[in-house]
Amino acid sequence: MVIRVLVAEDMHIVRGALVALLRLEPDIEVVSEVASGDEILPAARDSRTQVAIIDIDLPGKDGLTAATELHEQLPEVRTLILTSLGRPGTLRRALAAKVSGFLLKDAPAEKLANAVRGVAAGRRMVDGDLALAAWDTVECPLTPREIDVLRLTAEGRDTLEVAAKAFLSTGTVRNYLTTIVSKLNARNRVDAIRIAKESGWI
């Protein structure tokens, strides 16, 4: 049986390379290519995708948000997150988003094809080295609400915009950001964002 695959990657050269590699496999057919997270759900629905290969950093909806949306609205579609971010914290976020697989972009081509086959068969495929490293990571000290506030701030929103988006007062947002900076032992908000991103928490 041929596996119907969607590839979501905003870098054209990378997407082209992924598609070319997958088309060498006789049991895999690329049925859709998209460049933003917002396009994934409608494209998956229209093309009757079985496996969606999703870059974690996409314009519009990020890869994990899009994967969560797929899981909720098209539960039959399996998701394989492909990323250059080899950070265990990112793996934790991916697993929390109910993704079927997690693979680094620098993995060998045959590993990608095997991961596609594995998730299509209902298995969870996770990069072995990354899975082992995840055991040793420090748990995120931030609450889900603090993560939301920091993520909105990382998108370049000011305090007023974060407050409106998160349904909070501006004073509460400022208090959250002060707490976040303190919890992460950061110098300021920018440093807190850097720490959280490098740890895969946002």
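When segment 165-202 is filtered for residues that are touching a residue at least 60 places away in the same chain (Cβ under 8 Å) and within 13 Å of P141 (Cα to Cα), the ones remaining, listed by number, are S199, G200, W201. Do we have any residue at all in segment 20-27 that's crowded, with 18+ Cβ neighbours inside 10 Å and closer than 17 Å to G101 by Cα? Yes: one or more hits. Within segment 11-23, is even one residue charged (D, E, K, R), farther than 19 Å from L104 by Cβ and assigned by TED's automatic domain parsing to the domain that holds K111? Yes, segment 11-23 has at least one match.
Listed here are the residues, each with its yes/no results for (1) over 23 Å from the mean Cα position of the chain (by Cα); (2) part of a helix (DSSP H, G or I).
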position	(1), (2)
L168	yes, no
G171	yes, yes
N175	yes, yes
T179	yes, yes
N185	yes, no
V190	no, yes
I193	no, yes
A196	no, yes
I202	no, no
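A single entry from L85, L95, L64 fulfils the requirement of being part of a loop (DSSP other than H, G, I, E, B), modelled with pLDDT under 90 and not aromatic (F, W, Y): L85.
The single condition among (1) in contact with an Asp or Glu (Cβ under 7 Å, 6 or more places away or on another chain); (2) modelled with pLDDT of 90 or more; (3) within 27 Å of K197 (Cβ to Cβ) that A113 does not meet is (3). Applying the criterion of being in contact with an Asp or Glu (Cβ under 6 Å, 6 or more places away or on another chain) and among the hydrophobic types (A, V, I, L, M, F, W, C) to the residues of segment 28-67, the residue that is surrounded by the most Cβ atoms within 10 Å (Cβ to Cβ) is L58.
The values are calculated or read from the model by the stated rules, or taken from the named source; none is laboratory data. If you're wondering where the values come from, they're calculated on a predicted model, not measured in any experiment. Please note: Cβ atoms are built from the backbone with ideal geometry, for glycine as well, and neighbour counts cover all protein chains shown.
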